[in-house]
Every structure is written in structure tokens, then in C-alpha cells.
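Heads up, the thing below is written out as C-alpha cells.
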Amino acid sequence: MEYEFPFLQEVFSPLESHKVDLVFVHGLNPSGRNDHPFQTWTHSNGKFWPRDFLAEDIPYARVFVYGYNSNITHPQTMSTASIKDHANTLLNLLDMERGPQMGSVPPKVIFIGHSLGGLVIKQALLNAKEDPKYTSIRSATSGLVFFGTPHRGAKAVELGKIAARVARFVSKGHASNDLLDCLEYNSLFTRQMTDRFRHQLEDYRVVSFIEGKEVQIGGAGPASISHLVVDEESAVLGLSGLRETQLKLDADHSQMCKVGARGPMYRLIKGNIKQLVDQALLSEQGFIPQMPPSTASSPPPVQGRSYPAQRVTGVIFNALDNDPRSIRSAELKNRARWDEARTVEYEVFQEHLRCLGPDHFSTLSVAYNLAEVELETNYLDKANEWCQWVSENAQRVFGTKHPLTMKTESLTAEVLCQQGKYQEAESVCANVLARQQMTIGEDHLDTCDTRRRLGITYNALGRRQNAVTTAEKLTDTLKRLLGETHIRVFGSALDTLEYIISTQSGDANTLIVMRFQPDVQRAVDMLSQVYQELRTALGHAHPSTIRALCLHGRGQSLMQQSTEASETLRRALASAEEALGPDHPLTVDIVGNIGVMYALQNGYATNSRPAEAFPWLIRYLNWVEHRKGKDNLETQSALELLGNLHFNAKEYEPAQQYYERLVASSTRTDSKATERINSQLQLCRANTMYTRRGLGSGIGGFLSNLQRY
């Protein structure tokens, strides 16, 4: 087949939307054949592995082959184009193939180059940095794979001389003298270019394959002469192990990029390319697409051994990169060890800020992680400060439609919701969601996170059915994207069940009606099942297991299963205190649930003093007041509940204390709530004036009890 240079040919396209573009770039053409762009990657048995193997193993990737005139043996057919020209043509062709995409995030790019083709790739990325037209390609590029590419001169030999030697070897001495002069003295990739490219390397992950066999260039038997075309020193960039993987293949310069079967050499190459793809997708969309069932690469079954199916898969938090600290932080966050994660993330942030600057994507991403940690630990002011810092810088550097900018605004909405600014949180969520749907699409995990936050906001606003519907739709989406056993699916299911059994009203009639609703009864039963499944798969000390147990106890309390609820919540508390500590947000949430349980059992049912509720509610109040502030709605709700319990028990002096604290710190805009609280306060004052005449205040001893709790 005849090919006309230059071209960018798509050799594989996924049936569904693609997530990544793999671009193969050949090196010098010693034979003069115009099918050299394909022959570079084709084994002698005819297997063209980028299409025949790799496309099947990474079915969510498009595969391109770039062809350009790199003839070096026939002067009459040689191109006068420079390496910069070839690089610009590559960018232009790729830009047209990618085009603008509405409603989806642009696919990531991984370049794969053989020999001097790797220099074309490096030059293309330099050109892309200088030409705004190609900024999107440079931003989307996450990985580079080099097969025998001479990155630098070895042993004080200039890179131009190395390139000329490559040309002589691959052409078996028949390369044009004009080309050799150009390579050797004009230099394809000057030292200055190498230095400029080194500043970009922090943006990419690199795999450098090194030739492990010499090329025979003359003679036979003992008199044969053979050399490495590109030696190891020249074939690597010399980056840290976190940024560059260096691997030696058992093949010479020409055969190192030709594989004819799914043997060890192919698995090594494929495994490293797929790792680059997976890392790019994890950082971009938060998950790796599910692989369709395939028998092509499945190992044979092992007789006599069986393994239980894993019932809960995946993680919620992924590492930003291969830095051991990032991996460690992700592990800590997946175990809800927020304080330890903060320490690790802050160390990484300081290093990135110092080395990369405040505008680098990595620096801003770590700052976003810190905002998440502060939100999870309920330090809302700190979380808001980090969100504002990231948002302002991301908007300035990347624009309002960049995924990081939008996900930071989405996180800000959750902070607003936790601060009790529910209407503002809903508005921000809806705005971000619309932009995410238009730019990165419905199936991006950032979009899913915004939907989850919208559900949280609906529930806080008392729009229970909206919250349940939003959570149910999100659960279905996550099942489709991640599989039914992914931990995010379990988390979304727990959200749904929590909204079903939640009520923003403590009104007795509302609670009675809820108890007899079929969906509430089913939700309580399902919570028991979800807890058992999580406990079996993850253990009793996992945060998701503890959360499920706490929700089950709350459901039992709602159904007036008092003994069972008390036992369940106390088991959840014991697990939380043992695994996470007494001051952990999840532990304190369980404390608050126990307090509310006793308040509902005693405080509203009779006029007796609900003694069991007080220590739990006071512990909860002290914690939330310290973390979220006196003006937070959770703090104010706890104050009102404590005041009401004392008032119902005709303990007017402590009730007055709580109501006065509530009025002093209240930022409520709800006129009915304000009127209700002021009315209660006036009744307390009237009663305390009466009781003081006959009984004295008696408040000192009670306040001592409060301090003890």
C-alpha cells in the first residue's frame, strides 16, 4: 500500500468514547519504504502489535501512527523538512483529529517513539509550549514512552554525533553524507533544546526502553563487528524513579519495538504503557474504565485452588502520582486517618510550592487535597481558606472551565453546606454541575461528586425526596462506571438510605408517620444487610462499616426499637473509638446520634428528666462548637435541643442558659425559629424569677456537672 507523507492514521478506534490517544512515532527510514511508519512496529510474522495486541488490552484508547519522510538513503527522495517542521506537522494533524469536544473531558495523550522519533516527540512538546494553538495537546499529554531514543550524548559526545551514528547503523553505512552532516554538526536537538525540555519533564511520566543486544554491522563469526546503537547512558533521561522507569529489553535497536506474540517482552511493554494510561485516567477522572470480558490474555485456571470473590472493590481516594508520600496519604484518607493525612499532604505541598511554584497543577492539586482533609475534619474555616486559594489560582492559570477549577467550586459548595448556608450551597452546586455536564460530561467522577454534594444539600434543606432521587440516580451511574462492588457504590447507597430515614424535624407526629412508611422500614432492613456485607468484606473497623452500623442504629431508633438501637450505636461507638479515636468526626457523629436517641426516648415522650441524653449531647456540643464555631447551625441545633430537654423537664435555669447562648450566637434568618426560641427564653426567665425567690439559684452544682461532662 502506498502512503503519502505526512499523515496521522488512526489504526484503532474504540466502539465507545475513547479516554486516551496513543500516538506512535517512528525514527529514521533506512530502507526508503513508505510503509516504514508501520514496519517500525511490525514483527517479521506480520503482527502489528499497536493494533493487534495493544488495542485489545487497552480498548478505551485510540491508536494513531504518525508518518513523515525520514528517508536517509536516497537523496532524491529525502525531505528538506527539519525536525521542528516534522514536529509541527504532528501537532497540527493531531489537533485536527482531537477537535473540540462538548460534554466530555479531552482524552489524555501518550506519545510512543522509536529512536530519533523520540526527538520528534520532544520537539513537538517544546513547540506546543510556545504555540497557544497547541496548549491543549501539551496539557493533555501525561506520558512518554521511548524505545532507544538518544536523549543526550554519552561520555562527552555531542548528541548530534550520537544521532549521526544512529543513522549510519540503521542504514548500514548507506546514509546520505548531507544528512550525516546535518545530524552531526547542525544538531537535530541542541543542548539548549535539551535544557528547555528538561523544564517540562515534571509534567510527564516517562518509560525509557533500552536496547539489550548489539547490532551486527559487519564480518562473521569471531571476526564480526557489533555495537549498541544507543547505549544506556544516552537512552535514559536520568530522572528519579518516580518520574522515569528505565527498562532493558532483550533485543537490538531495530527489533526492540517489534513483538510477534503476547510473550514476556510484550507483557513488559504493554504493562508499562497501560500503567501510564491508568495513572492518567485516575488523576483525570478518578477511575479506570472496566475491561470487557476477554479470554485472549487470561491465564489458564489453576486446578485445586479457589479464591473467594472480592465483595467490595476499589478505593475512594487515589494517589496523585507515584510519590510514596502521595500513596501514603491516599491510604490514610481511605482509612479516614485525616490528621495523619494532613501532615503528609502539607509536607508535599510545601515541597511543590518551593520547587514548582504556586501556579503548577501539582501544587494546586495537593492544596485541593488539603481543603478536602480540613472539610472531613470539620475545620470549616481552614477548608474554606484552602478552597479560595486553589479556586483563585486555578481560575487565573487554567480558566473557569478547567476540571480543577470546577471541582474546587464543588468542594466549596460542600463547605458552605456544612456552614449552614444551604441555599448558597445549592446555587453553587447547580452552577458547577451545569458547567461540568457541558465540559467533562455526566460520567466524570468530578460530576458525580457534585451530584453527591447536591444530594447532601437537598437533605439539609429538608427536601428529602429530591435528596433520595439524586442519590439513587448517582448510585446507578456509579454501578455502570465502576461495577456494583465498588466502595463508592456502597457509599452512595448508604447516602440514599440515610436520606430515607432522615428528618429535619423533631416533631413527634412526623416521626410517627415516618415509622409506618414502607420505604423507611425497607431502608432499616437494607442497612442491616449493607452493614453485614461491609463487615464481611472490610472488617468491623473500616470507616464505611462503622458508618453503616451507625445508620442502622439510627434507623432502629426511628422505629422505636430502643434496646436494639442502644446496643447497635454503642457497638458502632466502640469500633470508632478503637479504630479512629475519641475525637474523630465519625466517632463524634455516633455520640450525637446516641444523645438524640435518648432524647427521643425520654425527652419528648414524658416530662421526666432525660438524664442519659445529657452527657452525649454535651460532648457533641463541645466538639462541634470547637470545630465548626458558635454560629454554626449544628452548634445552634445542639444548644436548642439541650435547652428544650431541660425546659420539658421543668429545669428552667439550665434551659435559660442554653437559650441565652443560642440567642447570643444565632445567625438564623428563620423568623419562626427566632420567635420560638425567644418565646422559650421568656418563659424560662419568668419561671426562674419565681423559683429563685423560694429555692435559690442552685445553678452552681449543675454547671459543675456540665463542666464534668
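Based on C-alpha pairs under 8 angstrom that are at least 6 apart in sequence, the stretch 636-693 has a relative contact order of 36 percent.
For the stretch 339-477, the dipole from Cβ point charges (+1 on Lys and Arg, -1 on Asp and Glu) about the Cα centre works out to 520 debye, to the nearest 20. Largest to smallest in accessible area, the residues M597, M559 fall in the order M559, M597 (1.4 Å probe, all protein chains included).
Taken over the stretch 342-391, the convex hull of the Cα atoms encloses 57 Å³ per residue.
Seen from all directions on average, the stretch 636-693 presents a Cα convex hull projection of 3.5 nm². Along its first, second and third principal axes, ordered by size, the stretch 406-470 spans 30, 22, 14 Å in Cα coordinates. When all alpha-carbon pairs of the stretch 1-144 are counted, what percent fall beyond 22 Å? Across the stretch 1-144, Cα pairs with separations above 22 Å total 37 percent. Here the 3J(HN,Hα) profile of the stretch 533-550, calculated from phi with Karplus coefficients 6.51, -1.76 and 1.60 at θ = phi - 60°, is 5, 5, 5, 5, 7, 10, x, 6, 9, 6, x, 5, 5, 5, 4, 4, 5, 4 Hz, Gly and Pro shown as x. Measuring between alpha carbons in the structure, the pairs from K19/K129; K108/K213; K333/K628 lying more than 26 angstrom apart are K108/K213. Residues S562, S142, S17, ordered by accessible area of protein heavy atoms at a 1.4 angstrom probe radius and largest first, appear as S17, S562, S142.
With a Förster radius of 22 Å applied to the C-beta separation of S679 and D631, the computed FRET efficiency comes to 0.55. Search the structure for amide H atoms under 5 Å from the amide H of V207, placed 1.01 Å from N in the peptide plane, and list their residues when 5 or more places away or on another chain. So V207 has HN proximity to L144, V145, F146, T245. Label sites at Q200 and D131, each approximated as a point 7 angstrom past Cα along Cα to Cβ, lie 1.2 nm apart. Dividing the convex hull volume of the alpha-carbon atoms in the stretch 537-682 by its residue count gives 114 Å³ per residue.
Straightening the chain between N431 and E233 buys 66.0 nm, computed as 0.36 nm per residue apart minus the Cα-Cα spacing. Of the listed residues T485, T408, the order by accessible area with a 1.4 Å probe, largest first, is T485, T408.
The values are calculated or read from the model by the stated rules, or taken from the named source; none is laboratory data. Given the structure is predicted, the values throughout are model-derived calculations rather than measurements. All Cβ positions, even for glycine, are placed from backbone atoms using ideal geometry, and neighbour counts span all protein chains on display. These accessible areas exclude ligands, DNA and RNA; they are computed on the full protein's heavy atoms, side chains included. Shrake-Rupley method; radii C 1.70, N 1.55, O 1.52, S 1.80 Å.
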